[in-house]
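The structure appears right after this line, and notes come after that.
The values are calculated or read from the model by the stated rules, or taken from the named source; none is laboratory data. Predicted model, so just to flag it, every value in this text is computed and none were measured. Backbone-built Cβ (ideal geometry, glycine too); neighbour counts: all protein chains shown. Calculation scope for accessible area: heavy atoms of the full protein, side chains included, ligands and nucleic acids excluded. Shrake-Rupley method; radii C 1.70, N 1.55, O 1.52, S 1.80 Å.
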Amino acid sequence: MLDTKVKELINNQINKEFYSAYLYLDFANYYADEGLDGFANYFEIQAQEERDHAMLMRTYLLNNGEKITLEAIDKPHLTYNKLDEPLKSALEHEKYVTSLINTIYKAASDINDYRTMQFYDWFVKEQGEEEKSADDLIKKFKLFGSDPKGLYALNQELAGRTYSTPSLTL
C-alpha cells in the first residue's frame, strides 16, 4: 500500500496525463485543419505518449493494491491565431507536467518511498526530453516556418515521426 498523499498525487497525475492527450489531439486537429498533416502527426504521437503514461501510472497503482479514480477530462479551451501558438502552448504544458512529476517525486522522497521514486525516475528523464523536443520544434519553426518551402520541409520531417511504446519495467 502506498502513502495516501503519494497515491492521490499519482491518481491525479493519471487524469492530468489523459488531459494532456486531449490537449495534444486538439493541437493535431488544428494542424489537420490547416493542412499541415506532419504537424498533426507529431501531436497525434504526443497524445499516444500521454495516454501510455497514464496507463503506466494506472498499472503502477494497481500493482500496489490501490484503487484508481478517473475524473472527467476537461475540454481544451485554447484558440490559435498563428501556426506557432500550439507549439508554444505545448512547451508551457510540458513545463507544467514536469512540475507535477517533480511534486510526486518529492512527496515520495519525503517519506523514503524508494519504489515510487525509482518508478518516477523514468518520468523525470522523459519530461526533460519532452521539454527539449518542444523547445527544438519552436526553434525550427522560427527558422523555417515563415518560408513556405521551409514550412513544407518541416511538415514533411514531422510526418515521418513514428511512435514506439515506452519500455518501462513496472
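Do we find that residue 101 is under 18 Å from residue 41 (Cα atoms), at pLDDT 95 or above and of a type in the set (Val, Ile, Thr) in this structure?
no
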Checked against (1) more than 15 Å from residue 46 (Cα to Cα); (2) open to solvent by less than 80 Å² (accessible area, probe 1.4 Å), residue 161 satisfies every condition except (1)
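So, residue 125, is that one surrounded by fewer than 16 Cβ atoms within 10 Å (Cβ to Cβ), touching a residue at least 12 places away in the same chain (Cβ under 8 Å), assigned to a helix (DSSP H, G or I) and not hydrophobic (A, V, I, L, M, F, W, C) or not?
no
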Considering every residue within region 10-17, establish whether at least one is of a type outside the set (Phe, Trp, Tyr), farther than 25 Å from residue 138 by Cβ and open to solvent by 30 Å² or more (accessible area, probe 1.4 Å). yes
Report every pair of residues separated by at least 6 positions or lying on different chains whose Cβ atoms are under 6 Å apart, first residue within region 37-48 and without any contact (Cβ under 8 Å) to a residue 24 or more places away in the chain, second surrounded by 20 or more Cβ atoms within 10 Å (Cβ to Cβ). 40/28; 40/31; 44/28
Could you figure out which of (1) in contact with a helix residue (DSSP H, G or I) (Cβ under 9 Å, 6 or more places away or on another chain); (2) open to solvent by 10 Å² or more (accessible area, probe 1.4 Å); (3) more than 24 Å from residue 160 (Cα to Cα); (4) touching a residue at least 60 places away in the same chain (Cβ under 8 Å) isn't true of residue 101? (2)
Would you check if residue 29 is assigned to a helix (DSSP H, G or I), modelled with pLDDT of 95 or more and closer than 30 Å to residue 116 by Cα? no
Give me the pairs: first residue in region 153-170 and within 13 Å of residue 36 (Cβ to Cβ) and modelled with pLDDT of 85 or more, second residue open to solvent by 90 Å² or more (accessible area, probe 1.4 Å) and of a type in the set (Asp, Glu), beta-carbon distance under 8 Å, and six or more apart or on different chains, which are they? 155/37; 159/37
Taking region 46-79 and keeping residues within 22 Å of residue 108 (Cα to Cα) and either in a loop (DSSP other than H, G, I, E, B) or touching a Cys at 6+ places or on another chain (Cβ under 7 Å) (or both) leaves 64, 65, 66, 67, 68, 69, 70
Among the candidates 131, 92, single out the residue that is modelled with pLDDT of 95 or more, more than 14 Å from residue 14 (Cα to Cα), out of contact with any strand residue (DSSP E or B) (no Cβ under 8 Å at 6 or more places or on another chain) and open to solvent by less than 80 Å² (accessible area, probe 1.4 Å). 131
Out of region 26-49, which residues are surrounded by fewer than 22 Cβ atoms within 10 Å (Cβ to Cβ) and within 17 Å of the chain's Cα centre (by Cα)? 26, 29, 41, 44, 45, 47, 48, 49
Only one of these is open to solvent by less than 70 Å² (accessible area, probe 1.4 Å) and of a type in the set (A, V, I, L, M): 83, 143, 70. Name it. 83
Sole residue being more than 13 Å from the chain's Cα centre (by Cα) and touching a residue at least 24 places away in the same chain (Cβ under 8 Å), chosen from 23, 91, 61: 61
